[in-house]
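The values are calculated or read from the model by the stated rules, or taken from the named source; none is laboratory data. Bear in mind the structure is a predicted one, so any value in this text is a computation, not a measurement. Heads up, the Cβs are rebuilt from the backbone with ideal geometry, glycines too, and the neighbour counts pull from every protein chain shown.
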Amino acid sequence: MRSSASLFRNPASSPIYFTRGVPPSEAIPSEELGVIARSLVDRPPQQLFQYAPSNGYLGDRVLRAAIGEANRVSPDEVFIGNGSLQVLDLLAAILVKPERSTVLVEQPTYDRSIRIFGRHGARVVGVPLQGDGIDIAMLAEQMKRLRAAALYLIPDFQNPAGITTSLVKRRQILDLAAEFDVLVIEDTPYRELRFEGVAQPLFKDIAGRARVVTIGSLSKTLSPGLRIGYAIGSGALMRQLAELATDTYLSPAPICQSIAAECFRAGLVERNIVRVCDLIRPKWAAAIGGASEIFGRDCMCLPQGGYFLGITVNSDLSEPAFIASASTAGVIMTPGSAFFPSEGQPGSGTLFLRLPFHALDPGDFRSGLEILQNILANGRQRSRGADLEASNGKFTG
């Protein structure tokens with residue numbers, strides 16, 4: 001065991017943040033975006049500074065065409081909103097009804113999706129994740145038992161666990177969704193950030209009889225500040241989203257959508273995806289190597305891309321005590337329980353840790369892991385000491 005001094009980060013050092021999945025600044029092509037933005041502002045006519053058309057505006061025509069071409073769908077099957085979370089919020093408002101209010105999610109899943117569905121009155125029910133995707137037997141049981149409105153999935157480099165759903169399970173999920181008439185929502189913010197292996201097909205491309213909506217974003221591949229999120233689905237559902245969007249915020253920002261459209265035309269989106277993968281790949285390799293060495297591979301599924309590594313550990317510490325100890329030691333954590341719906345919290349004696357590696361220096365990432373492991377080890381040692389003391393204090397006659 002390391003000395004107690006090793007539990008703490010050097011006070012002169014900045015804290016290590018195992019929290020949000022914010023793209024590192026070097027992943028954003030700011031100079032090229034600036035050139036494109038200035039070129040658009042200088043062009044007449046100045047419709048960029050006016051409201052976008054009302055009455056169910058699906059989004060910038062050129063941008064929808066570019067996203068449609070990249071995904072092999074018609075522009076009429078694409079809706080563009082102000083970030084993927086707003087698209088999900090609009091979709092939840094349409095889907096969640098009193099007569100059909102259950103939404104099934106992976107367990108764990110993206111914490112903000114839980115809050116969005118809950119805000120619209122949904123009963124959010126978790127289905128455990130396995131190493132190759134959601135537990136199919138449990139999913140079938142829940143679909144039989146509950147009249148679910150939707151199944152929300154992050155099938156590629158899942159946030160927070162890092163898991164990718166296998167092709168076999170994708171087909172099984174679609175078969176169940178078709179049988180029970182459950183809409184599949186596939187959220188794909190990290191899909192393009194693959195560092196090894198072969199991509200699995202999108203659910204929409206192998207849907208068969210199942211209903212699928214694909215949600216995507218340019219936040220991780222181009223710029224989060226542009227706030228470009230999109231949905232791909234049936235033309236009828238896209239029009240519903242557009243009408244609700246008009247009633248909700250009247251108009252998106254034409255200038256942001258025009259910048260994104262020009263980025264596609266200039267090839268910047270594709271170039272930046274390659275650049276971001278090259279930037280993050282060494283951090284990913286160091287992260288999975290360090291985590292495997294320090295925690296062991298049995299407690300994690302190693303991601304092939306994305307931002308996150310998820311670890312489940314046994315702990316004698318409560319989550320609040322663990323988070324507080326980590327903070328004192330200079331490591332800032334997001335509580336793992338936040339990624340679990342209320343119907344499906346982690347088991348007693350275990351902690352779930354989401355460890356973002358995409359923006360951290362590999363040395364800092366490893367230091368953070370060592371601090372967390374030492375906190376867990378000290379917690380086990382204190383627990384054993386307390387058990388021994390209690391045992392020695394028992395009256396034996």
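From the residues in the stretch 101-152 that are of a type in the set (S, T, N, Q) and assigned to a strand (DSSP E or B), which one is nearest to Thr188 (Cα to Cα)?
Checking each candidate, the answer is Gln107.
Quick check: anything in the stretch 45-64 within 18 Å of Pro189 (Cα to Cα) and either in contact with an Asp or Glu (Cβ under 8 Å, 6 or more places away or on another chain) or at pLDDT 95 or above (or both)?
Among the residues of the stretch 45-64, at least one is within 18 Å of Pro189 (Cα to Cα) and either in contact with an Asp or Glu (Cβ under 8 Å, 6 or more places away or on another chain) or at pLDDT 95 or above (or both), which makes the answer yes.
Can you tell me which of Tyr152, Tyr110 is buried (at least 24 other Cβ atoms within 10 Å of the Cβ), under 28 Å from Leu302 (Cα atoms) and among the aromatic types (Phe, Trp, Tyr)?
Numbers: Tyr110 fails: buried (at least 24 other Cβ atoms within 10 Å of the Cβ).
Answer to the check: Tyr152.
Could you identify the single residue in Leu63, Leu91, Leu48 that is under 22 Å from Val182 (Cβ atoms), outside any loop (DSSP other than H, G, I, E, B) and assigned by TED's automatic domain parsing to the domain that holds Thr214?
It is Leu91.
What residue, of Ile294, Ile311, Ile273, is within 18 Å of Phe365 (Cβ to Cβ), surrounded by fewer than 19 Cβ atoms within 10 Å (Cβ to Cβ) and in contact (Cβ under 8 Å) with a residue 40 or more places away in the chain?
Unique residue meeting the criteria: Ile294.
Can you work out which of the residues in the stretch 328-355 that are of a type in the set (Ser, Thr, Tyr) and without any contact (Cβ under 8 Å) to a residue 40 or more places away in the chain is nearest to Arg115 (Cα to Cα)?
Ser337
Considering each of Val87, Val124, Val96, Val103 in turn, give the residue that is touching a Pro at 6+ places or on another chain (Cβ under 6 Å), more than 20 Å from Phe308 (Cα to Cα), surrounded by 18 or more Cβ atoms within 10 Å (Cβ to Cβ) and at pLDDT 95 or above.
Val124
With the requirement that a residue be in contact with a helix residue (DSSP H, G or I) (Cβ under 6 Å, 6 or more places away or on another chain) and of a type in the set (Asp, Glu), what does the stretch 47-76 give you?
Asp60, Asp76
Mind telling me which of the residues Ile332, Ile311, Ile323 ends up being more than 29 Å from Ile134 (Cβ to Cβ), in contact with a strand residue (DSSP E or B) (Cβ under 9 Å, 6 or more places away or on another chain) and either assigned by TED's automatic domain parsing to the domain that holds Ile116 or at pLDDT 95 or above (or both)? Let's see the steps before the verdict.
On the way: Ile311 fails: more than 29 Å from Ile134 (Cβ to Cβ); Ile323 fails: more than 29 Å from Ile134 (Cβ to Cβ).
Every option except Ile332 fails the conditions.
Based on this model, can you work out whether Leu309 counts as part of a loop (DSSP other than H, G, I, E, B), closer than 30 Å to Thr164 by Cα and not charged (D, E, K, R)?
Here the answer is no, as Leu309 does not meet what is asked.
Among the residues of the stretch 160-178, count how many are in a loop (DSSP other than H, G, I, E, B) and surrounded by fewer than 20 Cβ atoms within 10 Å (Cβ to Cβ). Before the answer, list the steps.
Let us first name the residues in the stretch 160-178 that are in a loop (DSSP other than H, G, I, E, B), namely 160-166.
After this cut, where a residue has to be surrounded by fewer than 20 Cβ atoms within 10 Å (Cβ to Cβ) as well, the list is 166.
Within the stretch 160-178, residues that are in a loop (DSSP other than H, G, I, E, B) and surrounded by fewer than 20 Cβ atoms within 10 Å (Cβ to Cβ) number 1.
When you look at Gly81, is it in contact with a Gly (Cβ under 7 Å, 6 or more places away or on another chain), modelled with pLDDT of 90 or more and not charged (D, E, K, R), yes or no?
Considered against the rule, which asks whether it is in contact with a Gly (Cβ under 7 Å, 6 or more places away or on another chain), modelled with pLDDT of 90 or more and not charged (D, E, K, R), Gly81 comes out as yes.
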